[in-house]
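Student: I'd like to ask some things about the structure below.
The values are calculated or read from the model by the stated rules, or taken from the named source; none is laboratory data. All values derive from a computational prediction rather than experimental measurement. All Cβ positions, glycine included, derive from the backbone under ideal geometry; neighbour counts span all protein chains shown. Keep in mind that these areas ignore ligands, DNA and RNA; they rest on the heavy atoms of the full protein, side chains included. Shrake-Rupley method; radii C 1.70, N 1.55, O 1.52, S 1.80 Å.
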Amino acid sequence: NYPFTTKQIFIGIYEDKLKSQYFQVIDTPGILDRPMEERNEIEQQAILALNTIASMVLIIIDPTITCGFELEPQLRLYHEIKEHFLAGATFPLKVVINKIDIATPTEIETVLKKLKIKKEDAILTNAKDGTNVEVIVKYLLDYFRSTNFKR
């Protein structure tokens, strides 16, 4: 119910014991839509992670007014990440739309329309109660399996 619940970088391992596969997950605090020189140390660390070790990026967008930030700055940040930090990247940038429990259909459609993506190209979730979190995990596992990812 407040913005930026992630206050530091968290690193973890997701292990699929049935397939004997695992991948590392890095959860970074949010990056604000502002000039690079105004970003704080933790935002700069998140950007460094994007630039140097990312193999997949999930960007979580909150289309609701409870976010603390309007939608437009979030969309600008999406475009900045896509165009500047991941330019030339061979891995995907996946959109996750959060808070589907309180987001209106119009709010969700607005995000999709402004990002020029179809509903099936985004993952709609509610992190608070875990709705569709398994869809995110499946997406990640399928991606890494399909690319025979090695690092």
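Student: For Asp16, Asp129, write out the residues from largest to smallest accessible area, computed with a 1.4 angstrom probe and no ligands counted. Intermediate values should be presented prior to the final figure.
Tutor: On the way: Asp16 20, Asp129 100 Å².
Ranking Asp16, Asp129 by accessible area, largest first, yields Asp129, Asp16.
Student: On to the next question. Anything over 23 Å Cα to Cα? Flag those among Lys19/Lys116; Lys17/Lys118; Lys17/Lys138; Lys82/Lys118, in the order listed.
Tutor: Working: Lys19/Lys116 35 Å; Lys17/Lys118 33 Å; Lys17/Lys138 14 Å; Lys82/Lys118 17 Å.
From Lys19/Lys116; Lys17/Lys118; Lys17/Lys138; Lys82/Lys118, over 23 Å: Lys19/Lys116; Lys17/Lys118.
Student: Using the Cα atoms of the chain, I'd like the radius of gyration and the largest Cα-Cα distance, Dmax, both in angstrom.
Tutor: 15.4, 45
Student: With a 10 Å cut-off between alpha carbons and a GNM built on the chain, which of Pro73, Pro105, Pro92 moves the most?
Tutor: Fluctuation is largest for Pro105.
Student: Percent antiparallel among DSSP beta bridges with both residues in the chain, to the nearest 5?
Tutor: Of those bridges, close to 50 percent are antiparallel.
Student: Taking all protein chains together and a probe of 1.4 Å, list Met36, Met56 from the most accessible to the least accessible.
Tutor: Reading off the accessible areas and sorting them downward yields Met36, Met56.
Student: Now for a separate question. If the elastic network links every pair of Cα atoms under 10 Å, which of Ile13, Ile65, Ile47 fluctuates the most in the Gaussian network model of the chain?
Tutor: Ile13
Student: For an R0 of 30 angstrom, estimate the FRET efficiency from the Cβ-Cβ distance between Ile136 and Ala87 and round to the nearest 0.05.
Tutor: Working: r = 24 Å, r/R0 = 0.82.
After rounding, the FRET efficiency stands at 0.75.
Student: Only helical DSSP H runs with n ≥ 4 go in: add -39500 (n - 2.57) per run for the chain, normalise by residue count and round the 222 nm mean residue ellipticity to 500 deg cm²/dmol. Provide the component values of the computation, followed by the final result.
Tutor: Working: 4 runs with 47 residues, N = 151.
Computed ellipticity for the chain at 222 nm equals -9500 deg cm²/dmol.
Student: Count neighbours as other Cβ atoms within 10 Å of each site's Cβ, and list the trypsin sites (Lys or Arg not before Pro) in the stretch 70-127 that are DSSP loop with at most 12 such neighbours. Walk me through the numbers before you get to the answer.
Tutor: Values: sites: Arg76, Lys82, Lys94, Lys99, Lys113, Lys114, Lys116, Lys118, Lys119; in loops: Lys99, Lys116, Lys118.
Those satisfying the criteria are Lys116, Lys118.
Student: OK, next. Need one value: the accessible area of Tyr143 in square angstrom, 1.4 angstrom probe, rounded to the nearest 10.
Tutor: Around 40 Å² of this residue is reachable by solvent.
Student: Is the shape of the stretch 95-151 rounded, prolate or oblate, going by the alpha carbon gyration tensor and its root eigenvalues a ≥ b ≥ c, with a/c under 1.5 for rounded and a/b larger than b/c for prolate?
Tutor: It is oblate, given that a/c is not under 1.5 and a/b is not larger than b/c.
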